[in-house]
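Written out below as structure tokens is the structure these notes cover.
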Amino acid sequence: MPEIAPKPNPHTGKPRPPRAPVSANYSGDEKNDPAKAKYPTAPDGRGPVLEWHQSRASTSVLSGFFLLLILLVIMCLRDWGVSWMGTWWLWLFIIWPPFVFYFIGKSVGISAGSDWFAVKNAYVDTYELTEVKVVGASGGLAWDLELKDKQGNELSINLREIQTNRDLWDLVYNGIVHSVQRGSAKTNPRALDKLKLR
């Protein structure tokens, strides 16, 4: 079981929580220009934003090209060749991912304070969680973290996205550990395993 670190001060964020375990190794904390970033502000009556993350549009476009290639291969296998390429409207089913993913990448990011975590339209109190679950997404190719607090607030986020900014993940993870070990937050076996909560 992870060691329980003290809850940081809601206004200063001190002391900062220890490093939280991650599902995969990342090259570093991904942040972009704060003047251009869009991320949720602190909920009313809560401490300030201490950490934030917004995916770079280029990262999303790269994911879109990867999906485009998968669709291209599927169409070639389905048709046992490339004859389908002569039909212009079939290309509409193939070329959309990079464009759509570009706008997804420019969407609102995520933010966290010492005791809260927010996405575009929702936030949860990380020290008052009642449910912490990890579920398969994208056909098992990715994992989503689902959180619900005592006030009934809930949100879901891709586990890789929240772990990209390690300092943000440390703040959220510390609240998760408190809620699971000192509270009564329900978990599923995948959360215990992926988040190393055993």
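Computed from the coordinates by the stated procedures, all read-outs in this text should not be read as laboratory data. A quick note: this is a predicted structure, and the numbers were derived from the prediction, not measured. Glycine gets a Cβ as well: all are built from the backbone with ideal geometry, and neighbour counts include every protein chain shown.
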For Lys14, give me every one of the aspartates and glutamates with a C-alpha distance below 14 angstrom, ignoring sequence neighbours fewer than eight places off in its own chain.
Glu51, Asp115, Asp167, Asp170
Test item: Cα-centred dipole of the stretch 61-198, Lys/Arg +1 and Asp/Glu -1 on Cβ, debye:
260 debye
Between Lys196 and Leu71, what's the calculated FRET efficiency when r is the beta-carbon distance and R0 is 41 Å? Round to 0.05.
0.70
Straight-line reach check, Lys186, cutoff 17 Å on alpha carbons, 8 or more apart in-chain or any other chain, hits among aspartates and glutamates -> Asp125, Glu128, Glu131, Asp144, Glu146, Asp149, Glu154
Viscosity 0.692 mPa s, temperature 37 °C: what is the translational diffusion coefficient of the stretch 57-104 from Stokes-Einstein with a Kirkwood Rh over Cα pairs, rounded to a whole number of µm²/s?
296 µm²/s
Going by average Cβ neighbours within 10 Å, how do the peptides 41-49, 77-85 rank, with the highest at the top?
41-49, 77-85
Using label points projected 7 Å from each Cα along Cα→Cβ, tell me how many nm separate Val135 and Ala122, to one decimal.
1.0 nm
I need the calculated FRET efficiency for the pair Thr87 and Asp44, taking r as the beta carbon distance and R₀ as 45 Å, to the nearest 0.05.
0.25
